1. Only one of Gln112, Gln102, Gln119 is more than 23 Å from Gly164 (Cα to Cα) and touching a helix residue (DSSP H, G or I) at 6+ places or on another chain (Cβ under 9 Å); which?
2. Can you tell me which residues in the range 54-103 are more than 12 Å from the chain's Cα centre (by Cα) and hydroxyl-bearing (Ser, Thr, Tyr)?
3. Quick one: which helices (runs of 4 or more DSSP H) lie wholly within the range 72-180 and hold at least 2 residues that are without any contact (Cβ under 8 Å) to a residue 40 or more places away in the chain and surrounded by 14 or more Cβ atoms within 10 Å (Cβ to Cβ)?
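We did not get these values from a lab; they are worked out from the coordinates using the rules stated. The model shown is predicted, which means the values in this text are computed figures rather than measured ones. Cβ coordinates were reconstructed from backbone atoms using ideal geometry, including for glycine residues, and neighbour counts include every protein chain displayed.
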Amino acid sequence: MPGILAIFAALNLSAPAQPTNAMNTNKTESATFGGGCFWCMEAVFERLPGVKSVASGFAGGHTANPTYEQVCTGTTGHAEVTQIEFDPAKISYEKLLDVFWQAHDPTTLNRQGADEGTQYRSLILYHSEAQELAAEKSKAAAQKNFNHPIVTEIVPFTKFYKAGNYHQEYYDNNSSAPYCRVVIAPKLEKLEKAKIIQSKPQNETGH
């Protein structure tokens, strides 16, 4: 009998380890950022190793299931955002925040370049208390890199509304379009030259 008990004890100790490791391998987390036009931000974040997928959409407002046209009026309260699924074992939330500050100008209120309106505001929607604390800490650290105060909102995530297929992977599918050539391409080139992003999409849905 003691021998059988010892076997059960050994099994009870060792059995949980395997499924736990398997779950950790596949674990992903979400990050949601608004930094102006979502076409730009999507193109940036999909070029980071460790990012599994990036979706363009809307969040932070009060209108349910908004259309792109509705959000463009500025009356829905929503901002254009990117919803990022990432592997925290390969890229940290803090690293995503570092890229966020470098991928747009967080000191211009409700505007990025020629894109103006509340839908283009700088925004971090946190999914947990840990993300909130990391965002606040990162914002304070990033301030030294800007001459003007950072106006980025840091608010709790509630719901993400994915934009239509036309807006997904927009830069990759329309790189020769005027907006892509004039606005997005120079931004990607600058970040790539600084070795912040890769030259091509790294996520599972990228080309």
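1. On the way: Gln112 fails: more than 23 Å from Gly164 (Cα to Cα); Gln119 fails: more than 23 Å from Gly164 (Cα to Cα).
Answer to the selection: Gln102.
2. Hits for the range 54-103 are Thr63, Thr67, Tyr68, Thr73, Thr75, Thr76.
3. 129-142
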